[in-house]
Structure formats: structure tokens, C-alpha cells
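Q: Below you will find the structure I want to go over with you.
The values are calculated or read from the model by the stated rules, or taken from the named source; none is laboratory data. Every value quoted in this text rests on a predicted model; they were computed, and no experiment measured them. Reconstructed Cβ throughout: ideal geometry from the backbone, glycine too, with neighbour counts over all protein chains shown. Protein only, heavy atoms only, side chains kept; ligands, DNA and RNA dropped before computing areas. Shrake-Rupley method; radii C 1.70, N 1.55, O 1.52, S 1.80 Å.
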Amino acid sequence: MAQTLPKPGMRPFLPADTAMLAAIFSAAIEELTGDDYSEAQQEAWASAADDEEQFGERLASELTLIATLQNAPIGFAALKGKDHIDMLYVHPSVAGQGVGSMLCDALERLAGSRGAKSLTVDASDNAEEFFKKRGYVARERNTVTINGEWLANTTMQKMLETGGAQT
Ligand SMILES: CC(C)(COP(=O)(O)OP(=O)(O)OC[C@H]1O[C@@H](n2cnc3c(N)ncnc32)[C@H](O)[C@@H]1OP(=O)(O)O)[C@@H](O)C(=O)NCCC(=O)NCCS
């Protein structure tokens, strides 16, 4: 974590990336969310990538961007429709080094170019501070069930218009 990363690249998702992204998804949940979620909750959350074909279809159906280091994926983010961040996951080995910010910057620009006035995300508890620092405001507390486990998250929103109100 103390090492400084060379500048990561960024490119769109290709179906051949699915297995790598499923691995990043599982590793990020396993290693970066344990302060806020129990092991059973983490397992239930990570199970969304167990069926790789289905996970690949989800990635392909959204605007999915991949951050790379020497051409290898190190994180990814997916925009659903024009205004909802569905996924943002960074490999734990490079967490805290700006990769999540780079991906989120890109999604915010893309959402703006798709005409979105604001962007929402159902932020996991561990990611709430990350989004807050970027200007997202908590709107609603949610509880979702995945594989019989209850997980809490918070819908957060950021206004994209320059000078837009953030109340
Ligand atoms: C949330 C996540 C994507 C952040 O990615 P990252 O590459 O580590 O984030 P960055 O390095 O760009 O961090 C940007 C800022 O947010 C802060 N931040 C990042 N993660 C944080 C956390 N868990 N708690 C508090 N602050 C955090 C950083 O300290 C940094 O602050 P600074 O600008 O003052 O230095 C990553 O931790 C992750 O994959 N988490 C697990 C999966 C997850 O919960 N995804 C969100 C689903 S909605």
C-alpha cells in the first residue's frame, strides 16, 4: 500500500475479462468490507459472481470500464442506464491509491455526457466515506436480501450540473 502506482490505464470491458473481474469482485468484498459486514454477509454478496456467465452478462449490459496496470485489470466500475453506478470494485492490493477515484471520475463524465443531471449509487457501508468525499449525499437507507442474508446500504446522490444544488 505504501508503494506509488504507475499511472493506471483505462479501457472498456470485453467478455474475456469476466473471470478476472469476478476475481477482483470477490477479493474486494473479502478483504475490504469486513469492518462493516459479517463473513456470512460477505459470502452472500460475493456469490453474485459465482455464476460467471450471468456476471459477464451483467457487466456487458452496462457501461463497464476497467482500470489496468500493465494491461492487467486492477479494478472496474459499471454505469447502469445514464445515472446509476451499479458496481465499483478495486483489487485490495492497489486499494487506497486512487484507482476507485479514477474510475468514478470517468463514470461521472460519461453520465454527464449521457445527459444525466445527477448520479446515484447504493453505497455499501464501507464505501460511504469514499462517496461522501466525492460530494455524494446520503438520501435513503436500504436493506437488501441476498442468499438469505440481510445487507444494509445507503442510496447516495451527486448533482452533476455545474453549480447544481447539493441539498
Ligand atoms: C470503495 C473502493 C472502490 C475505493 O477504491 P480506492 O481505489 O481504494 O479509493 P481511492 O484510493 O480512490 O480513495 C479516494 C478517497 O476515498 C478514501 N477512501 C477510500 N476507501 C475508503 C474507505 N473504505 N473508508 C474511508 N475512506 C476511504 C481514500 O482515503 C481517499 O481519500 P483522500 O482523497 O482523502 O486520499 C474500494 O475500497 C473497494 O473496492 N471496496 C470494496 C467494494 C465496495 O464496497 N464497492 C462499492 C460498492 S457501492
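Q: Restricting attention to the range 78-92, report how many residues are more than 8 Å from the ligand (Cβ to nearest atom) and in a strand (DSSP E or B).
A: 5
Q: Here are the criteria: (1) closer than 15 Å to residue 62 by Cβ; (2) within 8 Å of the ligand (Cβ to nearest atom). Tell me which single one residue 133 does not satisfy.
A: (1) is the only condition that residue 133 fails.
Q: Oh, and also: If only one of 71, 147 is open to solvent by 60 Å² or more (accessible area, probe 1.4 Å), out of contact with any strand residue (DSSP E or B) (no Cβ under 8 Å at 6 or more places or on another chain) and at pLDDT below 95, which one is it?
A: 147
Q: Turning to a different aspect of this structure: Pairs, please: C-beta under 8 Å, at least 6 apart or cross-chain, first residue on the phi > 0 side of the Ramachandran plot and in contact (Cβ under 8 Å) with a residue 12 or more places away in the chain and in the range 76-102, second more than 8 Å from the ligand (Cβ to nearest atom) and open to solvent by 10 Å² or more (accessible area, probe 1.4 Å)?
A: Filtered contacts from the range 76-102: 96/1; 98/5.
Q: Another question, then. Go through the range 93-123 and give me each residue that's within 8 Å of the ligand (Cβ to nearest atom) and either part of a helix (DSSP H, G or I) or out of contact with any helix residue (DSSP H, G or I) (no Cβ under 8 Å at 6 or more places or on another chain) (or both).
A: 94, 96, 97, 98, 99, 100, 101, 102, 103, 104, 122
Q: What pairs can you find where one residue is in the range 1-15 and at pLDDT 95 or above, the other is exposed (fewer than 10 other Cβ atoms within 10 Å of the Cβ), and their Cβ atoms are less than 8 Å apart, with a gap of 6+ or different chains?
A: Filtered contacts from the range 1-15: 9/71.
Q: Within the range 45-62, does at least one residue satisfy the condition of being outside any helix (DSSP H, G or I) and within 10 Å of the ligand (Cβ to nearest atom)?
A: no
Q: Is it true that residue 67 is in contact with a Leu (Cβ under 6 Å, 6 or more places away or on another chain) and either more than 8 Å from the ligand (Cβ to nearest atom) or part of a helix (DSSP H, G or I) (or both)?
A: Values: in contact with a Leu (Cβ under 6 Å, 6 or more places away or on another chain): yes; either more than 8 Å from the ligand (Cβ to nearest atom) or part of a helix (DSSP H, G or I) (or both): yes.
Criteria met by residue 67.
Q: Do we have residue 22 as within 10 Å of the ligand (Cβ to nearest atom), modelled with pLDDT of 95 or more and open to solvent by less than 100 Å² (accessible area, probe 1.4 Å) here?
A: no
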